[in-house]
Each structure stands twice: as C-alpha cells, then as structure tokens.
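The next block holds one structure in the form of structure tokens; read it before the comments.
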Amino acid sequence: MTREERVLNIIHGKEVDYLPSQITIADRSKDEQVAQALGLKSGAELDDYLDNHLCLSFTLCDTPLFYRNVDEKMRELEAKGYAKVDRKNKIVYDTWGTGVQIGEDGFFACYNPLQGNAERNKMAEPFLPDGFDREILKMPFSEAVRAYQPPDPMRPDNMDDIIRDLKANAHGEHLVVPGGYAGIFERAYCVMGMEEFFVESLTDPESVAVLLDKITDYKVALAKRKIAIGCKVGHHSDDVGCQTGPLISPSVFYDLILPRTKKLFDVYKHAGLPVIMHSCGNIMEFLPSLIEIGLDMLEPVQPCLGLEELMRRFGGKLTLWGGIDTQEILPHGTPAEVAAETRRVMRLLGKGGRYMVAPSQEVMADVPAANIAAMLSTIREERANYRAY
C-alpha cells in the first residue's frame, strides 16, 4: 500500500495496514539529537523514520506566505512577478497587495491594502503588485472594495510547483495536498485588516460580501485548475476558532463565510474529491454544518476541541488529523508523559481507523529533542494496532 493510498483509505473509511502520520518539525536544528535518542545513525535518517505521508504544495501566488523567510525563494518569486520584498523593513508583499512579516515563526499579515492606513500605504506603495490601482488606497472601504481586483487565477505558471510535486509523487510516494491556506475569511482579513473585518461585517456586511465573493471566485477558479492537473484531494483553510470557541460570531459564519465555503467545496465534491479543511481552535459549534457541506477531514485536531467529545459526536463521520498536544505535554512534559499521551490520543482518535497521526500543530522550537523522539517512537510502536482500539 502506498502512502497516497493509505491516506485516501482513511479519509474514505477503508482498511489500512497502519495509521498514516504527518509530523512537521519547525526547528530542524535538533535532528541529530532526535536521531541519537531514537538510535539512528544520523539526522539524515530522520525523514525516513518520520514516514510522513503528505506533500504539501502551494500555488506561486500563495508561496510568499509560507516561504517569506527563505530569501532565495523570494528572489525567484520576485523575478516571476509573484512577490516584492521590502528588505529594509522585512516585509514581503504578495500579488494580493498583502504584506507579511519576514522573520516571524508564524504567518503575520502586517500590511492590509484596504485598511485605509495612510502611513502604511505610503511605505507599501513602491512594493504593491504591478497593475495595482493605487487610487484604491485613497478611497473609503465601501468604494475601495468594489474597485479592488484579486490576482489573476489563470496565470499559467501559478500551478508550476504543484505540477512538479504531482510528477515527483506520481507513484503514490506521498499524497500531494494542494494547500488552500489563506482561505476565504483569512484572505479577507489579510486584505482589509482583522479588526476592520469584524467591524465592517456588522456595520457594512454588503461591502464585506463583495470582497468575499471576489475571493471565493478566485478560489473556485483555482480549485478547477487543481482538479484539472490531477490533484486527488481538495484543501481549504480558514482559522475560525480560538482556544475556547469560535473566533467569529455565528451570524458572520453562517451568513457570510459558510455559503461561500460551500461554493468552493462543491467544486471538489462534484469532481469526486474529498475535502480537507484546516482550522485551528475549538470549532465544535461549526462542525455539523461543515460536514453537511462536504468536509471529510479536519486538520489540525487540537485538545481544546475536547477529544473525547469530538469522537463521541463525530467519530466515524469525519477523518481526524492531529490531536497530540503541542501546547503543554510536548514542550513541558517528560518523555514518559509524552509517550503516554501519544499512545492515549492514538487509541482514542484511531478507533475505526479514520485518523492521521500528528501533533496538534507544528512541533515548535520549544519542544525538547527527547520529547520529539518519545512521540515518534511511540507512533511507530502503536500505528499498526488501531484495529484493537
């Protein structure tokens, strides 16, 4: 069974030989320490030991969000017209006109072209994408949003990296996931500002809807292209949860976000593809509606959802990806505690086999090498036992 087949099987509720896993380690400087703790000869063997099942791939338009700290990649994107870099102020501007901060561990949209901030607009103007209408910067939001134009989703080379990754994994070495990060809600607040999104959603929802429709149309066009080049899953990302519950009000979610998310999901579902959605936080309240419109797999599952309740309500209805706590146990527990928690989560979420073993987020730099090793070795020990859970 290939890795691709294994992941597709758990999404569809079919039998697998062992549970697939996906472990992203943000700080690879500890590879040698982790390898030593696992009894490997060197850090060069760690990737094989990880046995990751996915290849996350991005359009060139989205690449600046994720490779902002890799200057070589940014220069490549600058040459192709997908980014402009203000190296003095450490900001990468993408084709939407959004500026993201270089040097941050996480994604931070530090410039929003429809925010109406005159000082920031002045700093950003030289780096805005070619063809961007600078007059928009002087308009009130209700006018600016109607004049604003998203990037062209049909640019021929936008899919180049995804096509490359599909070719490299043509025999199922990994399942290529065409990243849908910076989704509909996320892209909207990147363009207009987080606070502005929340305020305008209540005071001028019609104008916010105009922007959301433009983003959705762009995403739909991309989804059709991803299907045409041979992607086998759809992927979407909108962080609509926080630690204790929804990040956005139910009215904003159900009136503004969900109908447009359904329009995007429908493209994949009509083509027979399963849909994976990323959302951090506790989105338990929204899960029934997301499943109803076609959600097949949730990533990342985080402990704040309440893992037992999540399985009680949605076990067998939804494939889960994540769950091993990166907030407390991994960074602050002992190796024995990490091993015990990894085993507990695998036995809980793995019941029925619809589970991708993974931490609840990237393994960040604050996690000791011994704890990473304890998690990885426990996954290898447990992953074929899911039928007994």
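The values are calculated or read from the model by the stated rules, or taken from the named source; none is laboratory data. Every value quoted in this text rests on a predicted model; they were computed, and no experiment measured them. We place every Cβ from the backbone using ideal geometry, glycine too, and count neighbours over all the protein chains shown.
Couple of notes before you dig in:
- Some residue of segment 295-318 being under 20 Å from the mean Cα position of the chain (by Cα), of a type in the set (Gly, Ala, Ser) and more than 30 Å from Ala209 (Cβ to Cβ): no
- Filtered by the rule that a residue be crowded, with 19+ Cβ neighbours inside 10 Å, more than 19 Å from His53 (Cβ to Cβ), of a type in the set (A, V, I, L, M) and not assigned by TED's automatic domain parsing to the domain that holds Lys80, segment 127-172 gives a lone residue, Met159.
- Restricting the search to helices (runs of 4 or more DSSP H) fully inside segment 177-262 and requiring at least 2 residues that are touching a strand residue (DSSP E or B) at 6+ places or on another chain (Cβ under 7 Å) gives 184-192, 205-228.
- Some residue of segment 353-375 being surrounded by fewer than 23 Cβ atoms within 10 Å (Cβ to Cβ), in the same structural domain as Ile257 (by TED's automatic domain parsing) and free of Cβ contacts under 8 Å to residues at least 24 places away in the same chain: no
- Looking at Arg87, Arg120, Arg75, Arg68, just one residue is among the basic types (Lys, Arg) and closer than 30 Å to Glu206 by Cβ, and that residue is Arg120.
- Condition check for Ile291: among the hydrophobic types (A, V, I, L, M, F, W, C) and crowded, with 18+ Cβ neighbours inside 10 Å: no
- Identity of the residue in segment 29-42, more than 18 Å from Ile379 (Cβ to Cβ) and not polar (S, T, N, Q), that ends up surrounded by the most Cβ atoms within 10 Å (Cβ to Cβ): Glu32
- Residue in segment 173-189 that is modelled with pLDDT of 95 or more and either more than 29 Å from Val7 (Cβ to Cβ) or assigned by TED's automatic domain parsing to the domain that holds Tyr111 (or both) present: yes
- Scanning segment 103-158 for residues that are free of Cβ contacts under 8 Å to residues at least 40 places away in the same chain and either in contact with a strand residue (DSSP E or B) (Cβ under 6 Å, 6 or more places away or on another chain) or of a type in the set (D, E, K, R) (or both) yields a count of 15.
- Subset of segment 165-185 (residues that are within 20 Å of the chain's Cα centre (by Cα) and not β-branched (Val, Ile, Thr)): Asp165, Leu166, His174, Leu175, Pro178, Gly179, Gly180, Tyr181, Ala182, Gly183, Phe185
- One residue alone among Leu310, Leu348 is in contact (Cβ under 8 Å) with a residue 24 or more places away in the chain and buried (at least 20 other Cβ atoms within 10 Å of the Cβ), and that residue is Leu310.
- Hits in segment 66-108 - residues which are crowded, with 22+ Cβ neighbours inside 10 Å, within 17 Å of the chain's Cα centre (by Cα) and within 25 Å of Ile136 (Cα to Cα): Val100
- Segment 63-108, subset more than 17 Å from Gly193 (Cβ to Cβ) and small (Gly, Ala, Ser), residue modelled with the lowest pLDDT: Gly106
- The single residue among Asp94, Asp47 that is without any contact (Cβ under 8 Å) to a residue 12 or more places away in the chain and charged (D, E, K, R) turns out to be Asp47.
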